[in-house]
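**Student:** Once you've had a glance at the structure underneath, I'll fire off some questions.
Every number in this text was worked out from the coordinates using simple rules, so none of it is lab data. Computed from a prediction, not measured in an experiment: that's the story for all the values here. When we count neighbours, we look across all protein chains shown, and the Cβ atoms used for this are built from the backbone with ideal geometry, even at glycine.
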Amino acid sequence: MANPKKKHTPMRRDMRRAQNSRLELGSLTRCSNCGAARMPHRVCPACGHYGGELILPPKTKKDKKEGQS
Ligand SMILES: [Zn+2]
């Protein structure tokens, strides 16, 4: 039977387990309008631009309050 020859150190064990819990961020691109990091093929969350056009106006705190009431 195949058996491990040496016991792995706690660090080695923890590093192995940490690989399963890490977050995959995927690829990010820069917004052509404001330069913020955004996901490809998505409207920029910072300025609401996509393909050089304003798609979604950026949200402000004032807009949020008006929407709730
Ligand atoms: Zn932007």
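**Student:** Report, in deg cm²/dmol and to the nearest 500, the calculated mean residue ellipticity at 222 nm for the chain, where each DSSP H run with n ≥ 4 adds -39500 (n - 2.57) and the sum is divided by the residue count.
**Tutor:** Dividing the helical sum by the residues of the chain leaves -8500 deg cm²/dmol.
**Student:** Can I ask one more? Suppose every Lys and Arg Cβ carries +1 and every Asp and Glu Cβ carries -1, with no other charges. What dipole size does the chain come out with about its Cα centre, to the nearest 20 debye? Write down the numbers at each step before the final one.
**Tutor:** Working: 16 positive and 5 negative charges, 152 e Å.
Dipole magnitude for the chain comes out near 720 debye.
**Student:** If you don't mind, another one. Explain nothing, just compute: Karplus ³J(HN,Hα) = 6.51 cos²θ - 1.76 cosθ + 1.60, θ = phi - 60°, for every residue of region 5-17 in order, whole Hz, x for Gly and Pro.
**Tutor:** Here the 3J(HN,Hα) series is 6, 10, 6, 6, 5, x, 5, 5, 4, 5, 5, 5, 5 Hz.
**Student:** Using each residue's phi in region 31-45, evaluate 6.51 cos²θ - 1.76 cosθ + 1.60 at θ = phi - 60° and report the 3J(HN,Hα) Karplus result to the nearest Hz, with x for Gly and Pro.
**Tutor:** 5, 6, 8, 10, x, 6, 6, 9, 6, x, 6, 10, 5, 4, x
**Student:** From the Cα trace of the chain, what convex hull volume per residue do you get, rounded to a whole Å³? The partial results should precede the final answer.
**Tutor:** Numbers: hull volume 14.3 nm³, N = 69.
Cα convex hull per residue, to the nearest whole number: 207 Å³.
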